[in-house]
Structure formats: C-alpha cells, structure tokens
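Structure, as structure tokens:
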Amino acid sequence: MGTLFGMSHNATLLLWTLIVIVFLVLLISKYKWNPFVTLLISALLLGLLAGMKPLDVVSSITGGLGGTLGTIAIVIGLGTMLGKMMAESGGAERIATTLIDRFGEQRVHWAMMLVGFIVGIPVFFEVGVILLIPIVFTVAKKTNMSLLQIGIPILAGLSTVHGLVPPHPAPMIAIDAYGADLGRTILYSLLVGLPVAIIAGPLFGKYIGKRIALQPPAELAEQFAVKEGRKLPSFGMTLFTILLPVILMLIGSLASIIDPKATSPITLFCEFIGHEIMALLIAVVFSFFSLGYSRGFSKHDISKFTSECLAPIASIVLIIGAGGAFKQVLINSGVGQAIAEMATGANINIIFFSWLVAALIRVATGSATVAMTTAAGIVAPVLALTPGANVELAVLATGAGSIVLSHVNDAGFWMVKEFFNMSVPQTLKSWTAMETILSVVGLVLILILSFIF
C-alpha cells in the first residue's frame, strides 16, 4: 500500500505491524475470538497492508504454518505420548515426590529450574516443555503451589539454554558466523546463564505465582492426573526414560562437534538418532516397555493411552501453526529486514549492537532462531571491523537479544499460554516478562564481563 504521510518504507512497515498486533491482541483478549482464526486473519491483513501480492500472502501463511508444524507437530505428538506414559505409570508422580522429598516443598522451584536447564541443553525449547509439563502439573498439585511458581523456573531454564548455551543450534550459528571459540563461549554462557535463570526463574516465578493463580487445562490435568493407590516405578528408570531423548540429542550434538564434516558412519548414525524426532520416537517406544509392559499394562492399555492423549493437543498444534504463519508473513513482508536496517545505522557499543539487532528481529519475527541467524549475518561484518572486540561475548549478546519480549507472533507464546491455561494478558505478564528479564539481565551481565575480559 506504499508509504503513509511521507514516512519511509521501513517506518510504514513498522506502523502497520504495530497496528496489526494491537488488532490481534484485542480480538483475542477482549472479544474472545479463537486465536487460530485471529492469527490467520492478522497474518493476511499484515501481508496486504505491507504491499505483498494477495497470493504471496497466502503462500507465506501456508508455508509458515507448514514449516512450523513440520517438526513441532511430530514433537508435540510424541512428547505428549511420553508424558501420558509417565502419568499413567506413576513416573511423573515419582519424580515429583522425589524432588519434593530431596529439596523440600519450599525449595522445589529451585529444583525445577535446574531440571529445565539440564534437560534444555540438547533439546529445542518446545521439546523441553512437552517433556516436562506432566512434572509441572504433578508437582504443583502435590505442593499446592501456583502453577507459575513451578512452571516459570522450568521455562527459564529451558529458554536460557536455548538462547545462550552451546551446543544449542542458535548459539552455534553465531559462534560459526563470528569465528568464536566454543570452549570460551560455553564458559561465559554458564557464568551468565545460571544467574540469569535464577533471577528470571525461581525468584520471578515466586513473585508472579502469587499474583496469577492458575489451574491446568481440565483435559490435560485429567490426562496427567495422579492415580491413587498404586506402586510407583523407580526414580532411576523414570528419570532415564525422560532423559533418553536428551541423552540421544546430546550424543548427536557432540558427534557433530567432534566430526563437523560427518565423515564417519558413526557420526552419521549419532546425528540420526540425535535428531529430535528420532530421539523422541526412540524414547516413546522405550517408554512402552519401561513404563508400560513392565508396569503390568497390556498392549490394549498402551494403545488406548497413546490414542486418547492426542485429542487435547489438537487446538494447541493449530494455534502454534498459525503463530508460525504470522511469523512468516512478518519475514516475507520485509519487517524483519526493516528493523535490521534501522539498527545498523546506529553507532553504538558492539556488544549492545549485537543484542539490539537480535532483539529487534526477535520482536518483529517471533523466532529466536530466525533472530539469531539474521542478526549473525548483520553483526559479523561489523564485528570484523571492530578490533579488540570479545567475539564470544558478542555471541552471548546476540543470543540474549534473540529471546527478548516473546509475544503474539511467537509459537512458544501460544504453547505456554495453552499449556498453562492462561489468557493473553496473563501470558504477557508472566511468560513475556520472564523472557524479557532473561534477555535484559543477560545483557547487563555480558556488558559487565566485557569490561573484565
């Protein structure tokens, strides 16, 4: 539609984006429109306002939805089956009981943060959420603590690792682009990541948990409900079952680091079993034996569990897909590029610049990985012209920027909203605030480290 009132093309794109996001939030939160329908309408509206051809907008929507769900739908389906097996066998209850016994009810949210941090190292954020949600529900029920007081620490652990800690794919992109040293980046990421996860996790979780009282979605709560009067599986076997996909993905990541060109058949095999879909599939099949047949369940029981657990996640999958469609229109319409160009024109500290570019692209596109990838391409040439810059800290700053201000264009936003049974305003006050705390506190710590190293 061109430019408005003599504004530049980039400024016009940003104005349209802001208007459409306000429209989207109002329709969902005030008028209670279905988020799936509203996201599709908003994506269509933004594409047309940004000047895209109508059929190109439709292609972006279908491509974004399909691209987002291509992996995530499989991950959610398999992860939900694994969660169901944990719930039916008593595995989730065993882990919850053991953590409460070891840490005490008053400190169990600290244990949740560590669980999220460890599980998140090799897995994508969405996989971690799916794996751990039964434990969140069970611990919250057994301790009578707020769902957010238990859930926010786990989300903080997962999200910190996703943005900051190699060998996660997003930081690895920037490490490669900037020519950073992997070992030093890992050391710095732990120095920054652990304090950041503590502040945004247990500390913020306790604060927000007292202000937003939540109950799990009824269908999922029933699905993961504690079954009374039964013998629970061992802690060791349950823990191994839930960590099996994590272990397999870690093996795949390590093989890629040791043999980056994948010249060995062993490396190819490790990367194959370490792919998130294969790792989850192997873990689900393993759970049929470790938490199914060995617990006395019949083949009919296991078939029933794995079939009935998929119905409650159908709407979640569609909403996440629509979030991906909205994200793709933002990218294809040039909004992400417009933000990057505006940021590049500023003459600022290279660490802050790395954070700002990634943050602006993240806010525009909703994807941490897209923000990391795009920002790395923009920052790398500037970094090369900045003598004496600490490239490892620039990697972390880019990662911190890539997780800021998750909102309605982020598939993770909708996943957290639906699983925690929150409204849009509640999700903004809890999840979005947590992500922003992670990002901003991370930036502050990285800037402090830049004066030391």
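The values are calculated or read from the model by the stated rules, or taken from the named source; none is laboratory data. Just so it is clear, the model here is predicted, and its values are computed rather than measured. Here the Cβ is made from the backbone with ideal geometry for all residues, glycine too, and neighbour counts use every protein chain on show. Surface accessibility is based on the protein's heavy atoms, side chains included, excluding ligands, DNA and RNA. Shrake-Rupley method; radii C 1.70, N 1.55, O 1.52, S 1.80 Å.
The table below gives the values:
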{"quantity": "Cβ-defined net charge surrounding residue 171, 15 Å radius [Lys, Arg +1; Asp, Glu -1]", "calculated": "-1"}
{"quantity": "Ranked by how many other beta carbons lie within 10 Å on average, peptides 393-404, 72-83 from highest", "calculated": "393-404, 72-83"}
{"quantity": "Calculated FRET efficiency for the pair residue 259/residue 235, C-beta based, R₀ 25 Å, to 0.05", "calculated": "0.10"}
{"quantity": "Label of the coordinate-derived value, Rg and Dmax of the Cα atoms in Å, listed as (1) 21.8, 72; (2) 26.9, 120; (3) 23.0, 80", "calculated": "(1)"}
{"quantity": "Residue-span extension gain [residue 213 to residue 348] - 0.36 nm each, minus C-alpha spacing", "calculated": "44.4 nm"}
{"quantity": "Accessible area of segment 384-429 belonging to carbon and sulfur atoms, whole % at 1.4 Å probe", "calculated": "61"}
{"quantity": "Listed residues 270, 309 arranged by accessible area, highest first, probe 1.4 Å", "calculated": "270, 309"}
{"quantity": "Accessible-area composition of segment 65-314, carbon plus sulfur, in percent [1.4 Å probe]", "calculated": "65"}
{"quantity": "Segment 21-54-segment 127-199 distance, computed between alpha-carbon centres (Å)", "calculated": "31"}
{"quantity": "Pairwise Lys count, segment 65-314 - Cα closer than 14 Å, eight or more residues apart or different chains", "calculated": "4"}
{"quantity": "Along the chain, longest interval not containing exposed trypsin sites (Lys or Arg not before Pro), exposed being DSSP loop plus at most 15 other Cβ atoms within 10 Å", "calculated": "262-453"}
{"quantity": "Semi-axes of the equivalent ellipsoid for segment 65-314, Cα gyration tensor, largest first, Å", "calculated": "29, 24, 16"}
{"quantity": "Solvent-accessible ranking of 103, 269, largest area first, probe 1.4 Å", "calculated": "269, 103"}
{"quantity": "Helix 265-274 vs. the chain, principal-axis angle (Cα, 0 to 90°, nearest 10)", "calculated": "80"}
{"quantity": "Contour excess over end-to-end distance, with Cα ends at residue 102 and residue 452 and 0.36 nm allotted per residue", "calculated": "122.2 nm"}
{"quantity": "Inter-site label distance for residue 385 and residue 9 at 7 Å from Cα along Cβ, in nm", "calculated": "2.2"}
{"quantity": "Net lengthening on full extension, residue 285/residue 429 (0.36 nm per residue, minus Cα-Cα)", "calculated": "48.0 nm"}
{"quantity": "Area of residue 176 that stays accessible when all protein chains are in place (1.4 Å probe, Å², to 10)", "calculated": "130"}
{"quantity": "Spatial separation of Cα centroids for segment 383-453 and segment 250-293, in angstrom", "calculated": "29"}
{"quantity": "For the chain, accessible area per residue (1.4 Å probe, heavy atoms of protein chains only), Å²", "calculated": "40"}
{"quantity": "Angle between the chain longest axis and helix 54-89 axis [Cα atoms, degrees, rounded to 10]", "calculated": "20"}
